[in-house]
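To keep things clear, I will list the structure first and then write my remarks on it.
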Amino acid sequence: MASLRSIVRYGYAPFMLLGMTTSAYWIVTSARTIYDYFWLAPLLALAYGTAFAAERIAPFFDEWNDHSQHGDTRANVLHTIAYEWSSLTGVLLIPLMVWLFPFQGIWPTAWPQWCQVVLAFLIADFAFMMIHYLSHRYSPLWRLHAVHHGVGRLYGFNGVIRHPLHQTIDMLVGTAPLVILGMPQDVALVLGVVITITLIVQHSNVDTRLGPCEGHLSIGRLHHLHHVNWGTEGDCNFGLLLTAWDKMLGTFKAAPSRPITARDMGIDELPNFPKSFLEQLILPFIYKPGEGEPARYQQQTPAQRARALDKGFHAAE
Ligand SMILES: [Zn+2]
């Protein structure tokens, strides 16, 4: 078991970030008909399955694997469906955008396709990092992004827990400009899968060891530090994959001020972050940052409710 754990610790990130993404590339570039693209669906299912198996074998925190105790599986599955559906819709809308912006030619379509995918990913990684950074600074964006940060644990599904409006902003700012510049639909499709796989790895509850890439990829421990509920300490490490952008921006932090425990994820003022998908969708319209937890999320004991009633009774006198 110990050797299997070591294999998972060291092999998980390369298998996902290189193996799975290469497979996605191969599926898209060797497709003869549009139906061949559907092989991406079992590939994504395999990526999620690999993450869950790796989390069992080599977890960061055993507590984060207890799905029934957290009670958020249903909401997370719905988020995953919403996210993947929205990504697919974005890719399907590309011909419409090409028609709307017919000044193609800036995108280097003559480059080998894998070079185009790498270029697209680098630009998207930078754009997502900037949107992410701004989402921690500006209230309207933070309200939307809070849906991603409110959860009390990190695991395979968390990467795609995003408010649909926030995901739309990500797509409009992060990837639509690439399409307007002429990024082909095939490249966009691979890019979408690569982003999903990166999000899975970034949030997995796997004790990932990155060897020489440690400190250069914003996953595992570095991303835990971004999710801590310790005041403003998590306002760092905004990158999707590379830490280079954070280092340029001065927002890179290599280590936390104290050891991170399984109970340190979330948002300080939202200790009772809702578990229902619908409640999470309306959260940005109810939650006012800095004004404490909205009353509808507060789980009061019968005694607290009775005292609140008593206070109201005396106030009426
Ligand atoms: Zn964030």
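The values are calculated or read from the model by the stated rules, or taken from the named source; none is laboratory data. Note that this is a predicted model, so its numbers are computed, not measured. Glycine also receives a Cβ, built like all others from the backbone with ideal geometry; neighbour counts cover every protein chain displayed.
Observations
- Subset of segment 233-252 that is closer than 28 Å to D72 by Cβ and surrounded by fewer than 17 Cβ atoms within 10 Å (Cβ to Cβ) - its residue that is nearest to the ligand (Cβ to nearest atom): D235
- Answer residue from segment 108-157, given it is in a helix (DSSP H, G or I) and in contact with a strand residue (DSSP E or B) (Cβ under 9 Å, 6 or more places away or on another chain) and is surrounded by the most Cβ atoms within 10 Å (Cβ to Cβ) among those: M129
- Within segment 228-255, residues that are under 24 Å from P289 (Cβ atoms) have Cβ atoms under 8 Å from residues that are within 14 Å of the ligand (Cβ to nearest atom) and among the β-branched types (V, I, T) in these pairs: N229/I267; G234/V228; D235/T251; C236/T251; N237/T251; F238/T251, counting only partners at least 6 apart in sequence or on another chain.
- L249 of a type in the set (A, V, I, L, M, F, W, C) and under 20 Å from T21 (Cα atoms): no
- Test: residue in segment 86-100 that is aliphatic (A, V, I, L, M), assigned to a helix (DSSP H, G or I), closer than 17 Å to L191 by Cβ and within 16 Å of the ligand (Cβ to nearest atom): no
- Scanning segment 203-222 for residues that are within 16 Å of the ligand (Cβ to nearest atom) and either surrounded by fewer than 23 Cβ atoms within 10 Å (Cβ to Cβ) or assigned to a loop (DSSP other than H, G, I, E, B) (or both) returns S218, I219, G220, R221.
- Residue in segment 221-235 that is within 13 Å of the chain's Cα centre (by Cα) and more than 20 Å from L134 (Cβ to Cβ) present: yes
- Qualifying residues in segment 158-168 (those that are modelled with pLDDT under 90, part of a helix (DSSP H, G or I) and not polar (S, T, N, Q)) - the one farthest from the ligand (Cβ to nearest atom): V160
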